[in-house]
Every structure is written in C-alpha cells, then in structure tokens.
1. Looking at this structure, is GLY128 on the phi > 0 side of the Ramachandran plot and either surrounded by 15 or more Cβ atoms within 10 Å (Cβ to Cβ) or in contact with a Ser or Thr (Cβ under 9 Å, 6 or more places away or on another chain) (or both)?
2. Checking the condition touching a Phe, Trp or Tyr at 6+ places or on another chain (Cβ under 7 Å), in a helix (DSSP H, G or I) and of a type in the set (A, V, I, L, M), which residue from LEU100, LEU170 passes?
3. Hey, among GLU90, GLU82, GLU55, which residue is in a helix (DSSP H, G or I), open to solvent by 80 Å² or more (accessible area, probe 1.4 Å), modelled with pLDDT of 95 or more and within 19 Å of VAL154 (Cα to Cα)?
4. Tell me which residues, restricted to the stretch 128-165, are among the aliphatic types (A, V, I, L, M) and part of a helix (DSSP H, G or I).
5. For SER95, indicate whether it is closer than 14 Å to LEU53 by Cβ and of a type in the set (S, T, N, Q).
6. Taking the condition of a type in the set (Asp, Glu), within 24 Å of LYS57 (Cα to Cα) and not in a strand (DSSP E or B), does ASP125 pass?
7. Restricting to the stretch 119-159, name every residue that is of a type in the set (Ser, Thr, Tyr) and under 25 Å from the mean Cα position of the chain (by Cα).
8. Would you check if GLU76 is open to solvent by 70 Å² or more (accessible area, probe 1.4 Å) and in a strand (DSSP E or B)?
Amino acid sequence: KESYANALHGSDSQDRAMAELAFFFPNYTVPTLPKGKKPHVQRTLALIRPDALREKKDEIMAKVKEAGFQIAMQKEMQLTKEQAESFYSEHKDESYFEELTNRMSSGPVLALALARDDAITGWRDLLGPKDVKEAQESAPHSLRAQFSQSDDPVNALHGSDSQTAAENELNFFFPMQQTVAVIKPEAYESKDVIIERIKEAGFHVAARKETALTEDIAAQFYKGVDGKEFYGDLVKHMTSG
C-alpha cells in the first residue's frame, strides 16, 4: 500500500487536532459532569520513586494489580531538579524539601494513572502512613511499610491526597489533549478491535462518528495536499467506504 493509504489517521499537531475535530464534530464541546455529580470511577496518581523503581518495581506493580487498580496510563521519566521542585512546590518550606527533590531527580520515576472505584482513598489506604516508622508499626502490610527503609526520610511511593490534587498531579505527568483518529475504509471491519486497543492504551473516546465521505468533503479535509501527485488516489481511497 502507498503511505497515504494506510488504515488509520491521527492529527499531527494540537492546531491540526482542533481543526480536524471541528471538521468531523462541528458541535463538539468538552464533556463535563453535571454539577454535584461524582464520577463512578476515580483516577489518581501513583509515583514509584527512583530507589524503589530500581529495586522493587515488579513487586510493587503486582501489589497494585492485586488491589484491583487498572493502570490507565503509565510513564517512566527522569525529572530535572526544577521539575521535582515544581511538583513538590507546596512542601518548599519543609526541612525535607531539598532531600526530597534531590532524590526525585536522582533517577527515573514511574508515574501511574490508576483507575478504580474510590481510587484516591483506596490508593492512600494501600500506601499507609507517610512516616515509614509509623507505617511499619501501625500498618505493616501497607506498601510504604514493605518497600521503604525505616531510616529513610523519603518514602518509596507517592499518592494524590484529594480529587483536586489528583487532577493537578495527573495533568503534570499526563497533560490532557484532544486529537482525531480516523479509521479508514479498509480497516472498517476491524473497527471494534482497533477501538478496544485505543481504550487499552488509556485514551477516552469523547466523540465518535461513522460516516461515508463524499468527494467534496474528502477534498476539503485534504486540501493541504491537493497539489501532491497522490491526491486523487487519496480522495478516491477515502471515499471508497
């Protein structure tokens, strides 16, 4: 197949995504929950800090799944000192701030977007007390008791402590954007499999439309490449089903 005739399309920039959203969904607005209505499933941020990630990643991930959490998104990344200071800015006046930000920028961290009913409280309960000695004494089965050193001022794991904090922290590691995905005619019969793979990758389908493009509409959508030699074949391909 020619490169223009592949089975799927995705917007290649934020500006292009907005234009393509408007093209296919002219009346689309970002969905919001009715005032006062709480989501059935919550999301929260979990962080596995550098030392624990190096030494205990598999054990911690197994505990996460055992507790019934779905991992909606995950990202392993190396924070700069400035990024660590920004993320923990509310603790900047605490005595442990320098040690915390040094440690958080000392190696890769693993950020997880966890989803479950009552995820925020559930993850905090699984973590146990922030103070490691307290966790080991009062909640020996908690993750902090099991995976943090008692003499270490920085415990191994982080969790959002409120709905607002969860939203802000998730956006820090997983900035939310919108984009357009087009399943082209030749892949239409496999659309359910493709959409399931999209959801497994952590995407939320905010709007969906099945449509047969006319030549005029396809020409409008691809007007940026109307001078290319493959343009005619591309329009024909996109209007074939």
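1. Details: on the phi > 0 side of the Ramachandran plot: yes; either surrounded by 15 or more Cβ atoms within 10 Å (Cβ to Cβ) or in contact with a Ser or Thr (Cβ under 9 Å, 6 or more places away or on another chain) (or both): yes.
Against the criterion (on the phi > 0 side of the Ramachandran plot and either surrounded by 15 or more Cβ atoms within 10 Å (Cβ to Cβ) or in contact with a Ser or Thr (Cβ under 9 Å, 6 or more places away or on another chain) (or both)), GLY128 qualifies.
2. Values: LEU170 fails: touching a Phe, Trp or Tyr at 6+ places or on another chain (Cβ under 7 Å).
Of LEU100, LEU170, the one residue that is touching a Phe, Trp or Tyr at 6+ places or on another chain (Cβ under 7 Å), in a helix (DSSP H, G or I) and of a type in the set (A, V, I, L, M) is LEU100.
3. On the way: GLU90 fails: modelled with pLDDT of 95 or more; GLU55 fails: modelled with pLDDT of 95 or more.
Just a single option satisfies the conditions, and that option is GLU82.
4. VAL132, ALA135, LEU143, ALA145, ALA165
5. On the way: closer than 14 Å to LEU53 by Cβ: no; of a type in the set (S, T, N, Q): yes.
Criteria not met by SER95.
6. Details: of a type in the set (Asp, Glu): yes; within 24 Å of LYS57 (Cα to Cα): yes; not in a strand (DSSP E or B): yes.
Yes; evaluated as a whole, the condition is true for this residue.
7. Going residue by residue through the stretch 119-159, those that are of a type in the set (Ser, Thr, Tyr) are 121, 138, 142, 148, 150.
Result: THR121, single match.
8. On the way: open to solvent by 70 Å² or more (accessible area, probe 1.4 Å): yes; in a strand (DSSP E or B): yes.
When the stated conditions are applied, GLU76 passes them.
The values are calculated or read from the model by the stated rules, or taken from the named source; none is laboratory data. This structure is a prediction, so every number in the text was calculated from the model and none was measured. FYI the Cβ positions are ideal-geometry reconstructions off the backbone, even for glycines, and counts take in every protein chain you see. Ligands, DNA and RNA are stripped out before the accessible areas are found, and what is left, the full protein with its side chains, is counted by its heavy atoms. Shrake-Rupley method; radii C 1.70, N 1.55, O 1.52, S 1.80 Å.
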